[in-house]
Amino acid sequence: METLEHPDVKIQDVMSVTPIIIRKNETVRKAAQLMKDTDVGSLIVLNEKEKIEGIITENDIVYDTVAEGLNPSEVTVQAIMSKPVYTIEGDKTILECAKIMAEEGIRRLPVTRDGEMIGIITENDILELSPALMDITREYARIRYPEDIEGYKEPEEREISGYCESCNIYSDKLVSKNSELLCPECR
């Protein structure tokens, strides 16, 4: 059985303390160049008052600019950034962080202390410390919010493992029929 390693570790102990930022009025081309130069997949977007206003990711650039045939030198970061931005306090645990990421379908969270950004934590940071944690929280989100998963369809029959109630043979494909768990041969 896989165990959770380090679920009580505080976010502030594993986060990146130097998130890369960009102003909302900069161009998408500048954002892409900054991502390339700093080898990151996202930038925190700040407004004129130095407050977090959004986040721009590689996917935002690809899907909302390039794939739409727009010129990255003419589109502003503000036009395609993701918002609102979820944040998390640095004294929370990676378990709490992973739950938020799974429930909200996000992979990056700016970390704050008393409303001020002190870093960023990514799904990769959590995976390095506790690989099983992300799998568990994603599965939790799938179970809790199945309608939010694109293309999700509740199976007509759920298969489980156990002994068939008709022939007593073990099967990984038991299905409930007429209040009995039956293998494929006995259905």
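Values quoted throughout were computed directly from the atomic coordinates according to the rules given, and no laboratory measurement underlies them. This is a predicted model, so every value here is computed, not measured. So basically every Cβ, Gly included, is an ideal-geometry build from the backbone, and we count neighbours across all protein chains shown.
How high is the FRET efficiency between residue 113 and residue 74 when r is their beta carbon distance and R₀ equals 22 Å, given to the nearest 0.05?
Details: r = 37 Å, r/R0 = 1.69.
With a Förster radius of 22 Å, E is 0.05.
Quick one: which of 117-127, 82-92 comes out on top by average Cβ neighbours within 10 Å, and what's the full order, highest first? Could you put the intermediate results ahead of the total?
Numbers: 117-127: 19.5, 82-92: 15.5.
Averaged packing, sorted descending, gives the order 117-127, 82-92.
How far apart, in nm, are the 7 Å Cα→Cβ label points at residue 50 and residue 18?
Rounded to a tenth, the inter-label distance reads 1.8 nm.
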